[in-house]
Structures are given as structure tokens and as C-alpha cells.
Amino acid sequence: MLRVTRDAMGTEFQIVLSGEDDRALERAANHALDEVERLDAQMSLYRPDSELCWVNAHAAQGPVKVEPGLFHVLERAQRIHAETGGAFDVTVGPLTKCWRFFRGQGAMPPREAIEAALALVGMEHVELGAREKTVRFDPAGVTLDLGGIAKGHAVDRAVDVLRESGVRSALVHGGWSTVYGLGTAPDGEPWRVGLRHPHDAERRLCAVELVDRALSTSGSYEKCFEAGGVIYSHIFDPRTGWPVQGMLSTSVLVLSALDADALSTAFFVMGVEEAQAYCRARPDMEAVLVADPGKGMEPTAERIGLVQ
């Protein structure tokens with residue numbers, strides 16, 4: 001098998017390919033990773049010249065026309081926001097900065113600062129113009145943060161490029177948190193991916209199988225800090241302005257990496273019961289949810305669907 005890697009979106013993207021012509025495979029993988037880099041440059045909050053930063057700086061002044069691919073991501077984010085009762089929200093930028101997770105590991109803010117940030121959060125503050133592909137904010141101060149969906153979109157687009165190049169067998173991942181299995185593995189079996197234990201990166205809770213579908217995992221272990229004996233993670237409930245408590249990790253398996261990425265965040269916010277209800281209405285979806293059992297207790301995985 002051939003492996004091609006590149007740094008993007010703050011992590012390492014890797015494509016594992018199988019086929020007869022290594023040169024053609026490497027060329028296809030590099031084209032796919034070129035697309036990932038393009039999307040990173042477009043959707044990054046950490047690049048002042050990105051299209052996303054331009055939108056954040058100008059959309060409160062009037063409608064801003066955006067590239068169709070970016071508009072597609074925003075439309076899908078808006079739809080998932082509605083479907084999850086606001087549990088997924090790409091306007092969490094003010095909360096990320098308030099809790100100092102933007103370029104940092106986080107710190108407890110004053111309650112008044114949380115309330116001020118929360119007033120700027122909510123997709124009702126974002127107006128999307130479908131005909132002209134425009135974005136408008138009301139009020140000023142709204143900030144889009146695509147960190148919960150951009151990686152999934154990049155994985156989907158990388159897979160599209162591979163398919164267009166004739167690749168039929170590949171595993172694409174961005175830091176292993178978002179993965180897509182294109183076709184089957186070289187032995188004809190599904191691509192098999194282990195889900196990490198939330199307390200130990202060297203242990204696996206279980207394994208899942210991917211054939212033309214995606215997996216994405218959100219975990220409280222990615223970024224967090226402790227204050228007053230409480231662990232606060234970087235995943236917020238956008239409806240309250242506070243980091244989510246009670247969950248350790250959520251993994252979603254579905255056909256689209258973009259959907260998997262966004263819904264793993266949404267399920268983390270929603271909790272086990274709401275996530276179960278959502279999955280029951282989506283027979284194409286599976287999930288593995290790990291709730292926090294309390295100090296000193298071993299977490300166990302709650303499986304929804306037919307995860308093996």
C-alpha cells in the first residue's frame with residue numbers, strides 16, 4: 001500500500017491507497033491533498049487572508065458573495081443546526097474566544113463575558129442568500145467558526161478527487177478524527193478503524209468497518225482545562241454558552257464525512273438520549289457514544305445501529 005501525507009487544518013492528513021500503478025496513485029493522492037490545502041486556506045480562522053476571515057470581517061456591513069463550495073458548507077451547517085435543535089452551530093466563534101480556546105488551551109471567563117458572547121451566537125444571526133450565494137450577519141460581532149465541519153468537508157472533497165482520478169480503494173483521514181473508507185481494503189475486506197479510549201490514547205474501545213462511508217469522532221480529551229475541580233472541554237453547548245459536561249466522546253458513521261464531522265459534535269452536545277432519537281430517524285447512520293461515568297469508573301460505549 002502507498003501512503004501520502006500532508007499537514008493541513010492543524011493536523012496531518014493521510015491517504016492510504018491500493019492499486020497497480022504507484023505513480024498514478026501518488027499523483028492522485030497529491031491532487032487530493034492539494035484540494036485539502038486549498039480548503040484550509042479558504043476556511044481557516046487562523047489565516048487573516050482566508051475567505052472565511054473576509055466574511056467575518058465584512059458580512060455585518062452587507063451581503064458578502066462567497067465561493068459556491070463554501071456556500072454549500074454553510075447551507076449544510078444551517079440545516080444540521082435546525083435538525084439538531086441548535087446543538088451544532090458554526091457561530092460559536094465568540095464563545096471560543098471568550099473561553100480562550102482560540103490559539104489556547106482554555107481558561108474560565110467571567111459570567112458577564114459568557115453572556116455577552118452568547119448574545120452573538122445562533123444561526124438566526126446568519127442570512128444566506130441562495131440565488132447570489134451571499135452571507136450576511138446581524139448584528140455585528142457574529143463570527144463563523146467552521147472547525148466542527150471543515151475537516152469533514154475536506155475529506156469528502158479529497159475522496160471526490162480520488163474518484164475522479166480512477167482510485168477505487170483508499171483510506172483518507174485528517175488526524176484520525178475524521179476518516180473515509182473508499183471501497184474496500186486491499187484484501188477485499190472493509191477498512192477497519194479502531195476508536196480510541198477517551199482516557200488512554202493507546203487503548204481501543206472497539207473497531208468499526210468502513211466501505212464507502214465516513215467516521216468522525218469528537219472527544220473532550222482534545223482540548224480541555226481544569227478549574228475548581230471541574231474539567232472544561234472545548235466543545236460548547238451553543239445554547240447555554242458553557243462547555244458540555246457528561247460526555248467523553250461521540251463517534252458517528254454515515255455516508256458523508258461532512259455530516260459525520262458535524263454530527264459527532266452535535267451528539268456530544270445532545271447527549272445519549274437525544275442522539276439515539278436522531279439516529280432512529282436515520283437508518284443510514286450509526287454511532288458510538290461514551291458518557292462520563294464519574295471519577296474512578298471505567299467508561300463504556302453505547303452503540304447505536306449495527307456497529308460491529
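Can you give the longest stretch of the chain with no exposed loop site, where a site means trypsin sites (Lys or Arg not before Pro) in a DSSP loop (not H, G, I, E or B) with at most 11 other C-beta atoms within 10 Å? That gives 132-294 as the longest site-free run.
Summing -39500 (n - 2.57) over the DSSP H runs of n ≥ 4 in the chain and dividing by its residue number, what mean residue ellipticity at 222 nm do you reach, to the nearest 500 deg cm²/dmol?
Details: 7 runs with 99 residues, N = 308.
The helix contribution divided over the chain gives -10500 deg cm²/dmol.
Comparing D40, D237, D200 in a Gaussian network model of the chain where C-alpha atoms under 10 Å apart are linked, the largest mean-square fluctuation is found at D200. The Cα atoms of the chain give a gyration tensor whose axes a ≥ b ≥ c have a/c of 1.5 or more with a/b no greater than b/c, which makes the shape oblate.
Computed 3J(HN,Hα) for the range 92-97, one whole-Hz value per residue from the Karplus formula 6.51 cos²θ - 1.76 cosθ + 1.60 where θ = phi - 60°, is 6, x, x, 5, 4, 6, glycine and proline marked x. Take each peptide in 267-275, 250-258, 84-92, 138-146, count the other Cβ atoms within 10 Å of every residue, and average; sorted highest first, the result is 250-258, 84-92, 267-275, 138-146. For the range 240-251, backbone phi angles converted through the Karplus equation (6.51, -1.76, 1.60; θ = phi - 60°) give residue-by-residue couplings of 10, x, 10, x, 5, 10, x, 10, 10, 7, 9, 10 Hz, Gly and Pro being listed as x.
Note that the range 202-212 has calculated 3J(HN,Hα) couplings of 8, 9, 10, 6, 6, 10, 10, 10, 10, 9, 6 Hz, one per residue in order, obtained from phi through the Karplus relation 6.51 cos²θ - 1.76 cosθ + 1.60 (θ = phi - 60°); glycine and proline are x.
The numbers here are math on the coordinates, done by the rules we state, and not lab data. The model shown is predicted, which means the values in this text are computed figures rather than measured ones. When we count neighbours, we look across all protein chains shown, and the Cβ atoms used for this are built from the backbone with ideal geometry, even at glycine.
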